[in-house]
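Written out below as C-alpha cells is the structure these notes cover.
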Amino acid sequence: MLDTDPRSRRVVVPGVRWLRFPRRLEGEYRNYQSQQAVEAFRVNAFYILLLYMLLITGIYALAPEQIRGWWLSAYIWEGPIVLVAGLLAQIRVLDRYFPYYAGVGCFLAVALAVAIPGFMSDPRAILLAHVSIIYALVIIYAMVGLRFTVAMIAGWTGGLVGVLIAEGLGQGLDWQVLHGTYTGISLVGMFLCYSAEVRDRLLFFNQRQLRRQQRHSQALAERLHRLSREDSLTGLANRRFFDEAFDREWRRCKRSQQPLTVMLVDVDRFKAYNDGYGHLQGDSCLQKLAAELHRYSRRAGDLVARFGGEEFALLYPETDELEAQQLASRLCRSVRSLAIPHADSPEMNEVTVSVGVATMIPNQRHSAGDLLEAADQALYLVKQGGRDNWRLYEAPPAAGQL
Ligand SMILES: Nc1nc2c(ncn2[C@@H]2O[C@H](COP(=O)(O)OP(=O)(O)OP(=O)(O)O)[C@@H](O)[C@H]2O)c(=O)[nH]1
C-alpha cells in the first residue's frame, strides 16, 4: 500500500493524484471526508448566509433603482437554498447524505445565479449580477467542503442549466462577461478545490497509516508481554509470572492476615513415560495435565503455573488448610480420571501426580521462599510414600509452627 522510494524519500500514495484511492480505502476516505465536511458546514453555513446577506444588501444599494425590486425578488431565492442546506446539516442522522443535499443546493444556487443576468437588460445590473455568480462559485468550491468531483459536477451542470434557462426563456447572456466571471472563476475554483482535496487525501492516508502502525505496535507489545509471562508448551503462566504473583500475594495476605496456600504438583514417573512413549507424546501429556489443572484456578488471585519441567505450582490466596486439602484431593482424582495410559509406571498403569501442599498466614519470621520450601518437602514425602497422593506440610514439633 505504501511505497517508499529510498532514494528520494518520497512517499507515493496510490491514486491520490487521480483523487481515487483503491476501492476499500476510497470508501473509507469518502466517509471520513463527508463527516469532516458536514461538521465544518454546520458552522460555515452561518458565515455563508452572512456573506450572502452582505452581498445582497450591497448589490441592492448599488443596483439601478428601477430593477432593484425585480433583482431582489430573483436573488432572494439563493437565501433559502443556503438556509435549507444549513438546517439539514444540523440534523446529525442526515450526515451521510451531506454530499447529496449540499451538491443539489450548489447546483441550484449556480443555476439561479447564471440564469438571472439573462433576464436583465441594464448593463450595470448585468455586471452586478455577474458579481453574484462569482460569489456562488467561491462558496461552492471553497466553503461548502464538497469533494472536487461533486463540486465540479454541481458547478458545471448548474452553469449549463442556468445558461439554457437564460438563453431559452430570457434575453440571452453576455458570453464575454460570462467567460470572465463564470468560466474563469470555475477554473480557478476547480484548481483550488483539487489541490485542497489532494492535501486532504494525503493527510487522511498518513493519519490512517499512523493509526495502523500504532495498533500494530500495541498488539506486538501486548503479545510480547503475554509471551514473557506464558509457558509456550502449556499456555499456563510461566515460572517468572508465578514468582511475581507469589510475592504479591504473600505481601497481600500478610497485610490482611489471611492464609496463603501453595501446591507443587509433580508428574509421577515422567522420565519413564518419555522413554516409553517418546518426548512428543510426553509434551502432549503435559498439555493435557495443564488443561486439567487450569480448571483449579477459579477465584481471582488463584494461579496455576508451570513451575518447570514436569512440575506445576498452584497458588491459592485466602485459602486455609482444610480447603487446601480438599482441593489437593480433588486434583489427584481429576488427574486419575483423565486415564492417560502409562504402561511403564510401576505403581499404576495411568499417569498420576504427587502433590505437596503448604499453607500459612504470612508473618515476619518467614518468607515466601519458606512456604515454597515447605510445599516441596511435603511433595518429597509423597514421592517417598509411593506417589499418586497429596500431603499437607506439617512442621516438625521442634521447629514450631511454620
Ligand atoms: N516431554 C517432556 N518431558 C519433559 C519436559 N520437561 C521435563 N521433562 C522430562 O521429565 C522427566 C522428569 O524426570 P525425573 O525428574 O527423573 O522424575 P520422574 O521420572 O517423573 O520421577 P518421579 O518424579 O520421581 O516420579 C525428565 O525425563 C525430563 O526430560 C517437557 O517439557 N517435555
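Throughout, read-outs are computed from the coordinates displayed, never taken from laboratory work. Since the structure is predicted, the reported quantities are computational estimates derived from the model, not experimental observations. In this analysis, Cβ positions are derived from the backbone assuming ideal geometry, glycine residues included, and neighbour counts consider all displayed protein chains.
The table below lists the values:
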{"item": "Kirkwood hydrodynamic radius of the stretch 277-330, from inverse mean 1/r over distinct Cα pairs, in Å", "result": "12.3"}
{"item": "Convex hull volume per residue for the chain, taking Cα atoms only, in Å³", "result": "245"}
{"item": "Normalised per residue, the volume of the convex hull around the Cα set of the stretch 239-395 (Å³)", "result": "98"}
{"item": "Gained length - Trp70 relative to Arg365, 0.36 nm times residue gap less alpha-carbon distance", "result": "96.0 nm"}
{"item": "Karplus (6.51, -1.76, 1.60) ³J(HN,Hα), θ = phi - 60°, over the stretch 370-382, in Hz, Gly and Pro reported as x", "result": "5, 5, 5, 4, 5, 5, 5, 5, 4, 4, 4, 5, 5"}
{"item": "Distance from the stretch 219-279 to the stretch 103-155 (C-alpha centre basis), Å", "result": "74"}
{"item": "Directionally averaged shadow of the stretch 239-281, computed from the convex hull of its alpha-carbon atoms, nm²", "result": "4.2"}
{"item": "Coil-residue trypsin sites (Lys or Arg not before Pro) of the stretch 298-402, DSSP, other Cβ within 10 Å capped at 16", "result": "Arg298, Arg299, Arg365"}
{"item": "The stretch 144-219: trypsin sites (Lys or Arg not before Pro) falling in loop per DSSP and having at most 16 other Cβ within 10 Å", "result": "none"}
{"item": "Long-range Cα-Cα pairs in the stretch 86-206 (distance over 25 Å), rounded percent", "result": "28"}
{"item": "Val104/Ala61 FRET efficiency (R0 22 Å; Cβ-Cβ; nearest 0.05)", "result": "0.10"}
